[in-house]
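Worksheet: the structure to be examined is printed underneath.
What follows is calculated from the coordinates using simple rules that are stated; it is not laboratory data. No experiment lies behind these values; they were computed from the predicted model shown. Cβ: placed from backbone, ideal geometry, glycine included. Neighbour counts: every protein chain shown.
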Amino acid sequence: MKAFLGFVSFMFISHGVSGLLHQWIDWFPTFFGFFRFLVPDGYEIYGYLVLAVLGIGVAVASDAVGKKS
């Protein structure tokens, strides 16, 4: 379970950061196509920031799950 949550947190953080970089630096390529459909048009910066923060939250939760077992 901890490995799965770690993978999910990596995906959220990497998608959020790459989306933010793509919005701020226009020439930065987007490597992840699926997550752009989760972010509403006109709110890209906020949406990618939420994805990155959600990834950090999942990482903290996966660490807590790992300590319990």
Looking only at the range 1-26, which residues have a backbone nitrogen under 16 Å from a spot 7 Å from the Cα of Arg36 in the C-beta direction?
15-26
Mind giving me the FRET efficiency for Trp27 and Ala3? R0 is 30 Å, r the Cβ-Cβ distance, nearest 0.05 is fine.
0.30
Each residue of the range 46-57 in turn: what ³J(HN,Hα) in whole Hz from Karplus with 6.51, -1.76, 1.60 and θ = phi - 60°, glycine and Pro shown as x?
5, x, 5, 5, 5, 4, 5, 5, 4, x, 5, x
Averaging sequence separations of C-alpha pairs under 8 Å and six or more residues apart, then dividing by the length of the chain, give the relative contact order as a whole percent.
52
Exposure proxy check: Ile13, Ile56 ranked by fewest other beta carbons within 10 Å?
Ile56, Ile13
Using alpha carbons only: equivalent-ellipsoid semi-axes of the chain, gyration tensor based, whole Å:
26, 11, 9
Please name whichever of Ile25, His15, Tyr43 sits farthest to the positive end of the charge dipole of the chain, dipole taken about the Cα centre and charges placed at Cβ: Lys and Arg +1, Asp and Glu -1.
His15
Charged-residue dipole, Cβ positions (Lys, Arg, Asp, Glu), the chain about Cα centre, Debye nearest 20:
420
For the chain, modelled as a GNM with alpha-carbon contacts under 10 angstrom, which of Gly57, Gly19, Gly42 fluctuates the most?
Gly42
Using only Cα atoms, tell me the angle between helix 2-24 and the longest principal axis of the chain; keep it within 0 to 90° and round to the nearest 10.
20
